[in-house]
1. Where the accessible area of the chain is counted over protein heavy atoms with a 1.4 Å probe, how much of it, in %, is carbon and sulfur?
2. Modelled label-to-label distance, Val5 and Ile52, 7 Å Cα→beta-carbon offset: nm?
3. Roughly how many Å² is the accessible area per residue of the chain, as a whole number, for a 1.4 Å probe?
4. About its Cα centre, what dipole magnitude does the chain give when the only charges are +1 on Lys and Arg Cβ and -1 on Asp and Glu Cβ, stated in debye to the nearest 20?
5. For the chain, calculate the relative contact order in percent as a whole number, restricting contacts to Cα pairs under 8 Å that are 6 or more residues apart.
6. Which of Gln44, Gln13, Gln81 ends up with the largest GNM mean-square fluctuation for the chain, with Cα atoms connected below 10 Å?
7. Between Thr90, Thr57, Thr74, find the one with the highest GNM mean-square fluctuation for the chain; connect C-alpha pairs within less than 10 Å.
8. Viscosity 1.306 mPa s, temperature 10 °C: Stokes-Einstein D of the chain from its Kirkwood Cα radius, in µm² per second?
Amino acid sequence: QVQLVESGGGLVQAGGSLRLSCAASGIIFSISRMGWYRQAPGKQRELVATIINGGSTNYADSVKGRFSISRDITKNTVYLQMNSLKPEDTAVYYCNWLADSAAYWGRGTQVTVSS
């Protein structure tokens, strides 16, 4: 069974940086898409960034130019580099993989940006 575990969250001041990681355990044959979502208190979960099998990336308008998604297939890991963080980036960040015709979610990691 595939499990995703996020790490790297924490408390940071506005303008700071964090790097999130999401590592998968279990057997995966084919990954279609790896991505990050976030959910702030009282808000719906929203897409932050994705990277597809071919390497193309997509970002929410709110994070373009500040966040960067990358992956290491050999380590079954996806990363989210977050720079110039703002208080409105505060949320629980979840990784999501589409692999082997199934969708997998991590349990989330808290990111808190203080002003």
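The values are calculated or read from the model by the stated rules, or taken from the named source; none is laboratory data. Just so it is clear, the model here is predicted, and its values are computed rather than measured. Neighbour counts run over all protein chains shown; Cβ positions are idealised from the backbone, glycine included. The area values use the complete protein model at the heavy-atom level, side chains included, leaving out ligands, DNA and RNA. Shrake-Rupley method; radii C 1.70, N 1.55, O 1.52, S 1.80 Å.
1. 47 percent
2. 3.1 nm
3. 54 Å²
4. On the way: 11 positive and 7 negative charges, 16 e Å.
My answer is approximately 80 debye.
5. 37 percent
6. Evaluated over the chain, the most mobile residue of the options is Gln44.
7. Thr74
8. Numbers: Rh = 14.1 Å.
Translational diffusion coefficient: 113 µm²/s.
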